[in-house]
Amino acid sequence: MTPKPLHNFVNDLERNLTAAAAAEEHRNSIQRASRTALASPMPLIGIGALALVALVAIVLAITATTGTSTALGAPPATRLPVTPIPAQDATLPKDLRNAESLSHARSLAPTAPGAYVLPADGQWCLAVPDPKTELPTREYGVTCAPDAAFRRDGLKLSLVSGTDAATIVITPDGDTDPRIALANGTTKTVPATDGVIVVRGTYKPNDVLETTAADGTTRRTSLPEAIPTEPGPGDLRDCGHGRIVPLADGCDKR
Amino acid sequence: VARLENESDADLLGAPDPDGTRFAAFYRRHAIAILAFLARRDVDTTTAGDLTAETFATALLHRRRYEPRHASARPWLLTIAANKLVDRERGRARELKALRRLSLERTTFTDTDVQDYESLRTGPATDEALVLDALEQLPEKQRAAVRLRVVDGRSYADIASDLRLSQTSARQNVHRGLVRLRTLMGGTR
């Protein structure tokens with residue numbers, strides 16, 4: 001019999017992966033069980049497995065901080081032409097992979113290429129592809145809100161990786177004059193097409209996206225802050241066999 | 001074990017796997033191909049060990065997202081490995097992230113393994129590795145279009161949207177990319 005190439009390495013890694021696969025299956029079964037136990041509707045029904053370090057989907061309904069706005073109807077983005085998503089798009093969360101949702105999706109291209117707004121069981125969802133996924137297949141960050149909240153507040157989703165970010169906002173019907181209001185008092189107009197706004201980059205804590213709601217109040221939406229991606233002084237490296245060392249030292253240092 | 005060896009990649013990745021043996025069978029099926037792919041990219045042994053482990057750890061974390069459009073998951077794995085390699089070369093901080101998420105110990109080569117690995121550098125390349133090597137030589141738009149169409153199985157409408165092209169241009173990029181791939185790989189047309 002021909003000796004198996006890299007016999008030691010291949011077998012060692014196989015043992016590690018087998019244990020990790022079993023542990024991962026166990027973890028997933030616990031998560032599935034806890035999800036089943038949640039009876040109340042969740043505003044967030046899924047986030048694609050955004051595969052980057054520090055890539056997070058920040059999922060928040062837009063909050064009106066001044067007064068109470070009165071939406072005129074469904075957000076304009078829902079009136080975009082229907083663009084059915086291929087049923088085999090297995091990278092969408094399972095909750096969205098039903099014929100009803102897929103066949104009623106609206107593409108937000110060209111304002112937000114690859115992004116969709118789509119209905120899902122009494123909710124509306126915003127699905128945005130992760131531009132930096134490590135997988136060959138597309139992955140989505142997804143946020144959802146019940147129909148009434150969606151009409152009142154719209155939806156927002158931010159994808160952040162270090163200082164790189166994209167925020168996609170679907171405004172309620174009647175919102176106008178979108179602008180970025182910086183904490184230093186300056187404002188900058190941003191374009192909106194069919195009630196869809198894309199804001200690129202990360203911002204300081206009190207910088208916000210503002211729109212003027214149909215009732216004249218100001219609607220403010222937070223913008224993402226940068227996430228540090230460089231290792232900090234306290235970060236450790238696992239060198240295997242129970243040996244943990246400061247990251248700066250590396251595993252070769254004894 | 002023999003029963004698992006006959007299962008498709010989609011079944012090995014998609015079916016319940018309480019003891020991890022299905023993923024182990026999947027790993028055994030493809031591990032050497034991934035190592036050979038890395039070896040032919042002049043990757044040193046320590047890096048090859050890390051990237052191979054990281055590639056399979058990423059596949060494990062995303063196993064339910066594998067789309068069985070092809071008989072084999074090898075193009076999917078090779079693309080993950082290629083992405084990891086690019087990240088590593090660019091010094092991105094996310095390297096070995098999947099290993100950390102799974103709390104997986106790093107696996108290292110023994111002296112015997114190092115000799116075997118060196119032989120992979122000079123041995124015959126797998127067809128998939130040759131295709132990926134050729135793919136890297138295509139212009140950026142053609143490479144992206146071919147990957148989206150052939151590896152990901154995306155529609156031309158999707159490709160046009162992703163790459164900000166017209167559908168006609170998306171088709172042209174895929175077609176020209178495939179023609180050039182054949183040429184690069186020594187085909188007749």
Based on alpha-carbon centroids, what's the gap between region A:100-142 and region B:135-172 in Å, whole number please? 19
Placing +1 on each Lys and Arg Cβ and -1 on each Asp and Glu Cβ in chain B, then taking the dipole about the Cα centre, the residue among B:G20, B:T46, B:T183 whose Cα reaches farthest towards the positive end is B:T183
Tally Lys and Arg at +1 and Asp and Glu at -1 over the other residues with C-beta under 9 Å from the C-beta of B:D162: what net charge comes out? +2
Candidate aspartates and glutamates for bridging to A:K188, where Cα separation is under 15 Å - those fewer than 8 sequence places away on the same chain excluded: A:D177, A:D207, A:E210
GNM flexibility winner over chain B from B:T79, B:T110, B:T55 (Cα, springs under 10 Å): B:T110
Cα centroid separation, region B:109-123 to region B:1-51 (Å): 18
Placed amide H near A:G141: partners under 5 Å, 5+ positions off or other chain: A:G48, A:V128, A:D130
Over the Cα atoms of chain B, what is the Rg over Rh ratio if Rh follows Kirkwood? 0.98
A:G174 neighbourhood, Cβ < 12 Å, K/R = +1, D/E = -1, net charge -1
Taking amide H positions as placed 1.01 Å from N in the peptide plane, with prolines and chain starts having none, which residues 5 or more places from B:A73, or on another chain, fall under 5 Å of its amide H? B:D9
Neighbourhood net charge (12 Å Cβ-Cβ; Lys/Arg +1, Asp/Glu -1) for A:G141: +1
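Taken together, the values in this text are just the output of simple stated rules run on the coordinates, not laboratory data. Because the structure is a prediction, the values reported are computed rather than measured. As a convention, Cβ positions derive from the backbone with ideal geometry for all residues, glycine included, and neighbour counts pool all protein chains shown.
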